[in-house]
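Student: Just dropping this structure here.
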Amino acid sequence: MLQRQHYASTAEFCDRKRYEATNGDFVSTHFEVMPLPGARSVKAVIDALQIFVYNIEISLSEVVGDITVRENDDAKPGSPVAQHRLVATIGDMVQTDTNNVAFAEYRPAGPPGSGEHELGLMICDAVDEDELFPYRPQTRVRQDMTQITMIATHHTGTGEPMIVMTRWWCLRIRKSDIYVSPFVVERIRNGVEKVGEAMLATARRAAAAGSTSM
């Protein structure tokens, strides 16, 4: 992600790919660089994104329109580590299993002259096995999500500081014994993209709020 971002760290960029893997999984990847003009605080943006992820089952239900419920206990607000065991009903046709662990970290800027800028990181990855909340392949389709989000300060071509959101994610809809129609696959993929758009909107609102409070 850092190698790709290096070439245009403050220019808006987006690259999407969708394909069927050789094992039959449906895969979608998404990489984007989104500058946040007016943002003054990395921490304000990362805090807003953490709240969004903390309420992810509510966000999914509202943004996508498919009912999503949490099977594990709620994460603690502001916790740097959280597990999200979610079940969604897609178009009243198929249920999906999602089990992710999410990590968040904020690093404040270093002393003046150190060159160490604010940095916010959010990473989530799929849980492969969970004895407490096992996958149910006979009745649900497994949906794996890996995502890396970085909020950092870069400099434009004129040397002006700019807070930028860089994000890469990979959605893998596992091959299943359950028939998954093209409609359902497309709905899942589009739903994940809608959630990504909602996260970006959250970051932009936090950036705008930070700029007006300065």
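The values are calculated or read from the model by the stated rules, or taken from the named source; none is laboratory data. Given the structure is predicted, the values throughout are model-derived calculations rather than measurements. A quick note on method: Cβ atoms are made from the backbone with ideal geometry, for glycine too, and the neighbour counts reach across all protein chains shown.
Student: Give just the number: which of (1) among the aliphatic types (A, V, I, L, M); (2) surrounded by 14 or more Cβ atoms within 10 Å (Cβ to Cβ); (3) modelled with pLDDT under 95 does Leu2 not satisfy?
Tutor: Checking Leu2 against (1) among the aliphatic types (A, V, I, L, M); (2) surrounded by 14 or more Cβ atoms within 10 Å (Cβ to Cβ); (3) modelled with pLDDT under 95, the one that fails is (2).
Student: In addition: Got a number for residues in segment 5-20 being at pLDDT below 90 and outside any loop (DSSP other than H, G, I, E, B)?
Tutor: Residues meeting the conditions: 2.
Student: Taking the conditions exactly as written (of a type in the set (D, E, K, R), touching a strand residue (DSSP E or B) at 6+ places or on another chain (Cβ under 7 Å) and either assigned to a loop (DSSP other than H, G, I, E, B) or touching a residue at least 12 places away in the same chain (Cβ under 8 Å) (or both)), does Lys76 satisfy them or not?
Tutor: So Lys76 fails the test.
Student: For segment 21-52, which residues satisfy the criterion of being in a helix (DSSP H, G or I) and among the charged types (D, E, K, R)?
Tutor: Within segment 21-52, Lys43, Asp47 qualify.
Student: Something else: Given the conditions (1) within 25 Å of Glu131 (Cβ to Cβ); (2) among the hydrophobic types (A, V, I, L, M, F, W, C); (3) at pLDDT below 90; (4) under 15 Å from the mean Cα position of the chain (by Cα), and given that Phe103 satisfies all but one, which numbered condition is not satisfied?
Tutor: Against the list (1) within 25 Å of Glu131 (Cβ to Cβ); (2) among the hydrophobic types (A, V, I, L, M, F, W, C); (3) at pLDDT below 90; (4) under 15 Å from the mean Cα position of the chain (by Cα), Phe103 comes up short only on (3).
Student: Could you please find all residues in segment 80-97 being free of Cβ contacts under 8 Å to residues at least 24 places away in the same chain and either in a loop (DSSP other than H, G, I, E, B) or crowded, with 18+ Cβ neighbours inside 10 Å (or both)?
Tutor: Hit for segment 80-97 is Asp92, nothing else.
Student: Looking at (1) more than 27 Å from Ala208 (Cβ to Cβ); (2) among the aromatic types (Phe, Trp, Tyr); (3) buried (at least 18 other Cβ atoms within 10 Å of the Cβ), can you tell me which one Trp169 breaks?
Tutor: (1)
Student: I'm trying to understand the selection: among the residues of segment 106-144, which are part of a strand (DSSP E or B) and closer than 30 Å to Val87 by Cβ?
Tutor: Hits for segment 106-144 are Gly120, Leu121, Met122, Ile123, Cys124, Asp125, Ala126, Arg140, Val141, Arg142, Gln143, Asp144.
Student: Just to be sure I understand the filter: pairs with C-beta atoms under 8 Å, separated by 6 or more residues or on different chains, first member in segment 122-141 and crowded, with 17+ Cβ neighbours inside 10 Å and charged (D, E, K, R), second member in a loop (DSSP other than H, G, I, E, B) and at pLDDT below 95. Which pairs pass?
Tutor: Every condition considered, the pairs that remain are Arg140/Ile178.
Student: Determine if segment 62-70 includes at least one residue that is out of contact with any strand residue (DSSP E or B) (no Cβ under 9 Å at 6 or more places or on another chain), part of a helix (DSSP H, G or I), of a type in the set (Asp, Glu) and on the phi < 0 side of the Ramachandran plot.
Tutor: yes
Student: Additional query: Exactly one condition in (1) part of a strand (DSSP E or B); (2) surrounded by fewer than 18 Cβ atoms within 10 Å (Cβ to Cβ); (3) not charged (D, E, K, R) is false for Val164; which is it?
Tutor: (2)
Student: Let me ask you something else. Just give me the residues in segment 157-184 being β-branched (Val, Ile, Thr), more than 23 Å from Val45 (Cβ to Cβ) and at pLDDT below 95, in sequence order.
Tutor: Within segment 157-184, Ile178, Val180, Val184 qualify.
Student: Cβ-Cβ below 7 Å, separation at least six or inter-chain, first residue in segment 45-69 and in contact (Cβ under 8 Å) with a residue 24 or more places away in the chain, second of a type in the set (Ser, Thr, Tyr) and in a helix (DSSP H, G or I): which pairs?
Tutor: Every condition considered, the pairs that remain are Ala48/Thr202; Leu49/Thr202; Phe52/Ser59; Phe52/Thr202.
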